[in-house]
Amino acid sequence: MGWGLIVMEALILTIIATSIPLLLAATGELITEKSGVLNLGVEGMMLSGAVGAFAAVLWLGNPYYGIIAGAFCGALMASIFSIFIINFMTNQVATGLGLTIFATGLTGLAGAPLIGKTIPSLPKIEIFLLSDIPYIGEILFKQDFIAYLSIAIIIFITYFLKYSKPGIVLRAVGDNHQSAHSVGYPVKKIRWYATCFGGLCAGVGGAYIPLALTPHWAEEMTGGRGWIALALVVFASWIPWRIIIGALIFGGITIAQLVGQSRGWPIPSQLLSMMPYLATIFALTIISGRLSKNNSVVPSSLGKPFFDNQ
Amino acid sequence: MIKFCMRFFSLMALSSSVLFFLITNTFAGNPTKVGFVYLHTKEDFGWTMAHEMGRQMVEKHFGKDVKVTEVNNVPEGPDSTRVIRELAKQGNEIIFTTSFGYMEPTHKVAKEFPNVKFEHITGYKRSKNVATGNIRFYEGRYIQGVVAGLMTKTNKIGYIASFPISEVVMGINAFALGLRSVNKDASISVIWVNTWKDSVKEADAAKVHIAEGSDVLTQHTDTPAMLQIAEKSGVLGFGQATDMVAFAPNAQLFSSINNWGPYYIKKIEQLRSGKWNTGDGPKHWAGNEWGGLKSGMLTISKFQNMPNDVAQKAQKVHDEIKSGKFKIFAGPLIDNKGKEIIPAGKSLDDGALWGMNYYLMGVNGNVPG
């Protein structure tokens with residue numbers, strides 16, 4: 001029994017660790033989409049955050065600088081995206097895809113001299129006394145800074161969207177940019193901030209990979225997690241706390257299939273590898289079905305460019 | 001008018017490209033033109049970097065006598081057909097395509113360019129102008145198994161595998177044979193990650209292995225993620241393709257290092273002297289070049305993080321394989337269901353190795369697919 005619990009605890013810690021990049025990137029994208037901007041460049045922004053964070057720690061030595069650098073690089077990518085879609089009013093889908101392709105190439109180039117090097121990882125922060133609670137203490141109260149930060153961000157944006165004035169304005173811009181504009185809200189400026197916040201979160205999410213999971217740099221090391229983050233936003237039907245559930249389910253299935261293989265469950269490994277993605281598609285299908293009946297949760301102006309001279 | 005313009009420009013383009021071709025061929029002297037197609041970038045610190053080091057050996061060896069063109073980051077599939085064809089069009093006389101997934105594209109282009117020689121790495125199909133080359137990776141795996149068997153305390157070994165192709169299965173089985181030669185109680189559990197390169201997934205698989213009680217890990221994937229997790233968790237592991245000691249100074253037991261240079265040089269020399277061949281023959285399964293420790297295509301980094309007697313034993317096994325005194329896949333071989341594959345006194349030939357779709361004794365589970 002004791003041994004089983006120790007294994008369980010180790011596996012839960014692994015699930016949490018593998019979910020955090022998804023959680024952060026999806027949270028950022030949620031805010032972006034709430035403002036009416038669909039940014040498909042999440043994968044690219046995560047990659048930029050990862051390479052920026054790795055380089056910063058390599059030069060400055062302290063893993064906390066990596067968080068700042070990751071956030072900065074993600075936000076920088078998002079602001080490049082914003083210039084195109086807000087100022088030049090380009091198609092958001094095409095520009096977002098372009099951003100990911102661009103960032104993949106750029107990070108490959110910028111990361112070339114970083115290959116083969118390693119950095120110190122983010123330290124775990126123990127919360128006094130609470131971390132000594134058997135089993136759950138280790139899981140809930142002995143995480144690194146980014147893990148706590150991601151939960152804090154979720155709590156903050158839940159409050160922000162629901163109760164704060166700027167949050168309500170943000171939703172208004174996403175739901176009907178013409179009305180928001182005619183009431184006098186600066187639609188472009190608000191979308192710019194929201195997109196940059198999304199980039200910042202994606203950057204930190206990407207940064208988590210070299211800072212906490214695998215302290216090296218490898219090209220395309222985010223491995224498609226940006227796309228999963230996009231799916232999670234729909235899965236959560238734009239409600240922040242549901243992202244936590246979605247990310248943990250995805251992480252849980254990912255780890256469960258590895259455990260299944262290690263214990264020799266008689267299911268083909270190819271099928272097990274597909275499981276997290278199948279589950280995502282399955283969840284999306286169900287949710288989309290519901291959304292078509294109740295459209296109110298989808299930001300109505302999502303993906304539509306805003307022309308302020310109309 | 002538009003039609004005329006289009007005709008005019010296409011004529012211009014055509015004539016200028018012909019002119020360019022003539023000029024480059026007349027004034028470039030006469031170096032042998034060699035092309036390389038890489039799967040990742042040369043900085044991947046694994047598979048492609050090992051090929052890049054081989055390519056650098058070629059340049060150093062031949063100097064001005066060869067002109068090398070390499071193309072990075074070529075995805076397996078239709079895209080690679082385009083790249084290989086382009087290299088053939090540019091007048092490369094020999095083209096090395098350095099990943100298993102380039103097999104069909106290589107053959108497709110080879111039919112279109114019968115005078116160009118192709119060398120497909122790790123494939124099994126050959127034709128008149130397509131040869132194959134490979135490394136006997138499994139020799140390193142056997143030594144890993146021996147070291148793992150002597151170092152494990154939990155008697156559980158965690159293996160992270162990429163795709164269920166015979167090359168990988170062969171490696172698992174060689175590891176199992178090495179393991180069981182020194183430790184009959186130890187067993188291997190395999191996690192297939194279905195990717196060559198995904199740091200996070202490899203790290204997750206390593207963490208799961210450790211949580212499940214493995215204390216020695218090995219990988220048949222390309223990133224150093226597994227070793228970094230091993231280092232963090234205080235367990236041991238082996239590096240892949242290049243020496244990964246920098247990532248895990250306290251965890252790496254040794255790395256098997258791929259050394260493609262001698263093979264590249266040999267094949268280019270064959271081409272230059274007009275003796276290039278595909279080395280086909282009966283029972284000569286993997287073409288003309290399937291080299292291991294003996295030919296120097298596989299080397300082993302320093303044995304470390306192990307007691308002296310383990311290192312000595314590993315060195316002894318290494319020397320015996322290298323000298324050809326010891327055959328790894330020698331009978332009696334029994335699969336993990338208890339069925340005898342071959343009896344004592346016989347050993348598997350190369351063809352049988354490439355048909356491996358079963359686990360030998362000591363490996364848990366079934367080969368997927």
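The values are calculated or read from the model by the stated rules, or taken from the named source; none is laboratory data. All values reported here derive from a predicted model rather than from experimental measurement. Cβ sites come from the backbone with ideal geometry, for glycine too, and all protein chains shown count toward neighbours.
With respect to (1) in contact (Cβ under 8 Å) with a residue 60 or more places away in the chain; (2) out of contact with any strand residue (DSSP E or B) (no Cβ under 9 Å at 6 or more places or on another chain); (3) not in a loop (DSSP other than H, G, I, E, B), the lone exception for A:Ser179 is condition (1). Tallying residues that are surrounded by 24 or more Cβ atoms within 10 Å (Cβ to Cβ) and either more than 16 Å from the chain's Cα centre (by Cα) or among the polar types (S, T, N, Q) (or both) within the range B:161-184 yields 5. Taking the criterion of being assigned to a helix (DSSP H, G or I) and facing chain B (nearest Cβ under 10 Å), the residues of the range A:213-229 that qualify are A:Leu213, A:Arg225.
Taking the range A:231-249 only, how many residues are part of a helix (DSSP H, G or I) and among the aromatic types (Phe, Trp, Tyr)? Can you show your working first?
As a first pass, look at the range A:231-249 and keep what is part of a helix (DSSP H, G or I): A:231-235, A:240-249.
Of the ones still in play, those that are also among the aromatic types (Phe, Trp, Tyr) are A:235, A:241.
Total satisfying the criteria: 2.
Applying the set (1) over 21 Å from A:Pro123 (Cα atoms); (2) touching a residue at least 12 places away in the same chain (Cβ under 8 Å); (3) small (Gly, Ala, Ser); (4) touching a strand residue (DSSP E or B) at 6+ places or on another chain (Cβ under 7 Å) to A:Ser262 leaves exactly one unmet item: (2). Of all residues in the range B:195-229, count the ones that are more than 8 Å from chain A (Cβ to nearest Cβ) and among the hydrophobic types (A, V, I, L, M, F, W, C). Final tally of qualifying residues: 6. The set of residues from the range B:229-269 being more than 17 Å from the chain's Cα centre (by Cα), within 18 Å of A:Ile115 (Cβ to Cβ) and among the β-branched types (Val, Ile, Thr) comprises just one member, B:Val245.
Okay, residues lined up against (1) among the hydroxyl-bearing types (Ser, Thr, Tyr); (2) crowded, with 20+ Cβ neighbours inside 10 Å; (3) in a helix (DSSP H, G or I):
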residue	(1), (2), (3)
B:Gln56	no, no, yes
B:His61	no, no, yes
B:Arg82	no, no, yes
B:Gly91	no, no, no
B:Gly123	no, yes, no
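Yes or no, residue by residue, for (1) of a type outside the set (Phe, Trp, Tyr); (2) within 19 Å of A:Ser150 (Cα to Cα); (3) within 14 Å of chain B (Cβ to nearest Cβ):
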| position | (1), (2), (3) |
| --- | --- |
| A:Gly251 | yes, yes, yes |
| A:Leu258 | yes, no, yes |
| A:Gln270 | yes, no, yes |
| A:Ser288 | yes, no, no |
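Is it the case, given these coordinates, that B:Thr195 is under 23 Å from A:Trp265 (Cβ atoms), touching a strand residue (DSSP E or B) at 6+ places or on another chain (Cβ under 7 Å) and either basic (Lys, Arg) or not in a helix (DSSP H, G or I) (or both)? Don't jump to the end; show me each part of the working.
Numbers: under 23 Å from A:Trp265 (Cβ atoms): yes; touching a strand residue (DSSP E or B) at 6+ places or on another chain (Cβ under 7 Å): no; either basic (Lys, Arg) or not in a helix (DSSP H, G or I) (or both): yes.
No.
Here is the figure for the range A:73-105: residues that are closer than 17 Å to A:Ala194 by Cβ and among the hydrophobic types (A, V, I, L, M, F, W, C) total 12.
Scanning the range B:200-234 for residues that are buried (at least 23 other Cβ atoms within 10 Å of the Cβ) and part of a loop (DSSP other than H, G, I, E, B) yields B:Ser214, B:His220, B:Thr221, B:Asp222, B:Thr223, B:Pro224.
Specify the residue that is modelled with the lowest pLDDT; the eligible residues are those in the range A:206-225 that are under 30 Å from A:Gly174 (Cβ atoms) and touching a Gly at 6+ places or on another chain (Cβ under 7 Å). So, considering only residues that are under 30 Å from A:Gly174 (Cβ atoms) and touching a Gly at 6+ places or on another chain (Cβ under 7 Å), the one modelled with the lowest pLDDT is A:Thr222. Output yes when any residue across the range B:303-324 is surrounded by fewer than 18 Cβ atoms within 10 Å (Cβ to Cβ) and modelled with pLDDT under 90, and no when none is. For the range B:303-324, residues surrounded by fewer than 18 Cβ atoms within 10 Å (Cβ to Cβ) and modelled with pLDDT under 90: present.
If the requirement is being under 19 Å from the mean Cα position of the chain (by Cα) and under 30 Å from B:Asp204 (Cβ atoms), which of these qualifies: A:Ile139, A:Ile153? If you could, list the steps in order and put the result at the bottom.
Details: A:Ile139 fails: under 19 Å from the mean Cα position of the chain (by Cα).
Checking each option against the conditions leaves just A:Ile153.
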